[in-house]
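A short reminder: the numbers here are calculations on the coordinates, not readings from a lab. Source: prediction; values computed, not measured. So basically every Cβ, Gly included, is an ideal-geometry build from the backbone, and we count neighbours across all protein chains shown.
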Amino acid sequence: MASPQTCGILTVSDSCFSHQKEDTSGPALEKAFRKAFPDFQISQKAIVPDDLQQIVDTLNKWVSEHCNVILTTGGTGFSPRDVTPEATRAVIEREAPGVTYAMISNSLQITPMAMLSRAVCGIKDKSLIINLPGSAKGSVECFSFVQECIPHAVALITDQTDAVQKLHKKVQKRVRFIDGCGPSKVITDNVADRPRESTYPMFEVNDAKDVIVQESQLEAEVERIAIEVALHRVLAEDVLSYDDVPPFDASIKDGYAVRAADGDGLRRVRRALGAGDAPEVIPLQEGEAVRIGTGAPIPAGADAVVQVEDTSVVTKEGGEEVEISVNKMPVKGQDIRRLGCDVSKNTVVLMRGERLKGPHIGVLAAVGKSTVTVYKPASVGIFTTGNELRDHYEELQPGQIRDSNRLALINLLKEYNYDCDDYGIIKDEPDTIKKAIATALTLNDVLITTGGVSMGEFDFIKRVLVDDFGATIHFGRVNMKPGKPTTFATLTYEGSKKIVFGLPGNPVSACVTCLLFVVPLLRHLEGANEWEFHTIPHVVSVSKQSTDARPEYMRVIVSYVDGKIVAKPNGGQISSRLNSLVGANGLMLMPGSMLPGREYLSHIVMIGGIVDM
Ligand SMILES: Nc1nc2c(c(=O)[nH]1)N[C@H]1C(S)=C(S)[C@@H](COP(=O)(O)OP(=O)(O)OC[C@H]3O[C@@H](n4cnc5c(N)ncnc54)[C@H](O)[C@@H]3O)O[C@H]1N2
Ligand code: MOO
Ligand SMILES: [Mg+2]
């Protein structure tokens, strides 16, 4: 029969050693350890003073006796006699900072004093040594934060391959109900013991937006592309004009170039100049005119253009004009477009951060730019989760539904010029989700998932992000309807920073949160100056009491009726009814818990242009 695994509990305290005080933490730890691991034997117990050598000697002795786990209590603080960490460090061969981190980070949720802990954990030979604080409460509490890892750690240290494999399997299979960033971290294998309230703090929408921007610092890459393919891209440079536009003084009208000082009356027509002709260099003489077309260069000596409507023919020869009369007194500079009046040479015509539309590209062409440096959009991946989901072309079995989120989101993002890599429908299984996240993050910087972020026993997204990817969940709940369980996380994968949006499964919730959170972030990451949707204030009178305390983004059709803005709800507003977004051009933010008969100031997020009714 294999010998039982063993534990030693070492109390480090001058006052307990000298019997001035009763040792309560040693026995409390023993009780907690026995309860957690009834199969272990407590093989060693001792009390030593806060003396480095005595602690080192005791630890070394227990290690040589193959004690599997050694818990110390006391001597981890800041007072001069606190030397347990130094003694432990002198003994261990390999440090286990993750165990220390788990204790401190969890303790910080309870008291800021936890930051004064200097506990050290590590491995010597076949023993795991864990420093715990001195008080009975503190030591048992800290033990509870790390106890979960002890059997696995011991199996690894003592090289028990079978036990390690069994444990891996168990860990992969079990359902762990864990709230990663809430104040009370709950870890349990049993559905009956899961938290019945989410422990993720509820974020207000604006705070959530701020956090997204703060936590999403990705370096936007740039590329140089031809202006012919630059539509919708964001400029990564200030564009200088190479040339004046127009590059010469040009006529604004079809008419006659004249000298204004000659006044009205008779002019001899010297010649005709059309757009594209080389400028006339022989200066205009007194009483002369040059017939000129719109866009043609103003001849030397001329300082005004008289439009043809203000002239009449006086003499003609062989169908050609010889003399004309200027019937309206010309003014100097009249109808002349000066060199550089649209754009002058070497000035900034377009600024970094501008998104290129048709006119922008026209300006680039006008100033002679054939390529521009633009930002590359972040690469985005998407998958949907749900055991109930089938592709739209598949036959449905009872209980199944078609996946509408994926195609809705991929195409919604396409409307804003973001392409998405599609990773399909993923089952509600931690391992499958883990693999899908890993694949997507290998290729993409931003991952969008839908479903599996709420309170259900098959909602695994948050847990997989935290457990398998060490993600930081910046928020896991937002005070909004639809979209409450919206989750935003960042993590480092293969050395690169990644961003994950866990959008809710309900189709409207997924689309609305994509519009409010994902699209603005993608614009921001792309270096665009304008990344938020425009909002307009709007006063709404309410006829029915609202039952939900959450502020609601109603899908509305915004129109002008008799010159006034009117916003009409676009049909039923339940989170599953995607039709509420079909044709909607606004998301009207209504406060929660509205009372009937009252007026409220709302803001409408414009996701389309206002229509005329
Ligand atoms: N006890 C609680 N339950 C729920 C809460 C809550 O606070 N406490 N929040 C509700 C809210 S609000 C939302 S929104 C949903 C979000 O849930 P999940 O993100 O976990 O999404 P699922 O449970 O996976 O699915 C929800 C719903 O949406 C349908 N769905 C999912 N994916 C798709 C898809 N790709 N295409 C079409 N429809 C999809 C799914 O079948 C479910 O009906 O949680 C509430 N529950
Ligand atoms: O927030 Mo949920 O998105 O109400 O359906
Ligand atoms: Mg759910």
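Excluding VAL308 itself, what net charge comes from residues whose Cβ is under 9 Å from its Cβ, given Lys and Arg +1 and Asp and Glu -1? Numbers along the way, then the final one.
Numbers: positive: LYS253, ARG291; negative: ASP254, GLU309, ASP310.
Neighbourhood net charge equals -1.
No solvent, one uniform scatterer per C-alpha: report log10 I(q)/I(0) for the chain via the Debye equation at q = 0.06, 0.09 1/Å, two decimals. Once normalised to I(0) and log-transformed, intensities are -0.55, -0.90.
Hey, which of these cross-link pairs are over 27 Å Cα-Cα: LYS434/LYS497; LYS35/LYS137; LYS45/LYS124; LYS345/LYS414; LYS253/LYS345; LYS209/LYS435?
The pairs that break the limit, which is 27 Å between Cα atoms, are LYS345/LYS414; LYS209/LYS435.
Computed from phi, the 3J(HN,Hα) profile of segment 209-219 under the Karplus parametrisation 6.51, -1.76, 1.60 (θ = phi - 60°) reads 4, 4, 4, 4, 5, 4, 8, 10, 6, 10, 6 Hz, with x in place of Gly and Pro. To the nearest 0.05, how large is the calculated FRET efficiency for ARG598 and ALA366 if R₀ is 60 Å and r is the Cβ-Cβ distance? The pair ARG598/ALA366 has a calculated efficiency of 0.65. Stretched out straight at 0.36 nm per residue, the stretch from ARG270 to LEU443 would grow longer than its current Cα-Cα span by 55.3 nm. For the pair ASN206 and ASN60, label points projected 7 Å from Cα toward Cβ lie 6.3 nm apart. Label positions at GLU323 and GLU457, each projected 7 Å from the Cα along the C-beta direction, are separated by 10.7 nm. Backbone amide hydrogens, once placed in the peptide plane, bring ILE607 within less than 5 Å of GLY586, LEU587, excluding anything fewer than 5 places away on its chain.
Here's the picture: a label point sits 7 Å out from the Cα of ILE565 along the beta-carbon direction, and within segment 575-613 the residues with their amide nitrogen under 18 Å of it are 584-591, 599-613. Largest first and in whole Å, the equivalent-ellipsoid semi-axes of segment 6-159 read 20, 18, 16, each the square root of five times a Cα gyration tensor eigenvalue. Please give, to one decimal in nm, the separation of the simple spin-label points placed at SER344 and ASN479, each 7 Å out from Cα toward the Cβ. Distance between the two pseudo-spin positions: 5.3 nm. Here the convex hull built on the C-alpha positions of segment 250-337 has a volume of 79 cubic angstrom per residue.
Can you tell me which of 505-517, 373-385 comes out highest on packing, and rank the rest after it, using the mean Cβ neighbours within 10 Å? Before the final figure, lay out each step's value.
Values: 505-517: 25.2, 373-385: 21.7.
Final packing ranking: 505-517, 373-385.
Here the Karplus relation 6.51 cos²θ - 1.76 cosθ + 1.60, evaluated at θ = phi - 60°, turns the backbone of segment 197-205 into coupling constants of 10, 5, 9, 6, x, 7, 9, 6, 4 Hz, with x for every Gly and Pro.
If you take the beta carbon distance between GLU86 and PHE248 as r and set R0 to 60 Å, what does 1/(1 + (r/R0)^6) give as a FRET efficiency, to the nearest 0.05? My answer for the efficiency is 0.10. Rounded to the nearest whole Hz, the Karplus-based 3J(HN,Hα) values (6.51 cos²θ - 1.76 cosθ + 1.60, θ = phi - 60°) of segment 574-583 follow the sequence 5, 5, 8, 8, 5, 4, 5, 9, 6, x, with x at glycine and proline. Among bridges DSSP assigns within the chain, what percent are antiparallel (round to 5)? Bridges in the chain are about 60 percent antiparallel. Where both bridge residues fall in segment 250-337, DSSP classifies roughly 80% of the beta bridges as antiparallel.
Subtract the Cα-Cα distance of ILE574 and GLU197 from 0.36 nm times their separation in residues, and report this length gain in nm to one decimal.
Working: separation 377, 0.36 × 377 = 135.72 nm, distance 2.28 nm.
Extra length from ILE574 to GLU197 when fully extended: 133.4 nm.
Legend: ranking of residues ASP51, ASP23, ASP162 from fewest to most surrounding C-beta atoms inside 10 Å; resulting order ASP162, ASP51, ASP23.
Which length gain, in nm to one decimal place, applies between VAL222 and GLN400 when the Cα-Cα distance is subtracted from 0.36 nm times their residue separation?
Fully extending the segment from VAL222 to GLN400 adds 59.7 nm.
With the helix formula -39500 (n - 2.57) applied to DSSP H stretches of n ≥ 4, the chain reaches a computed 222 nm mean residue ellipticity of -7000 deg cm²/dmol.
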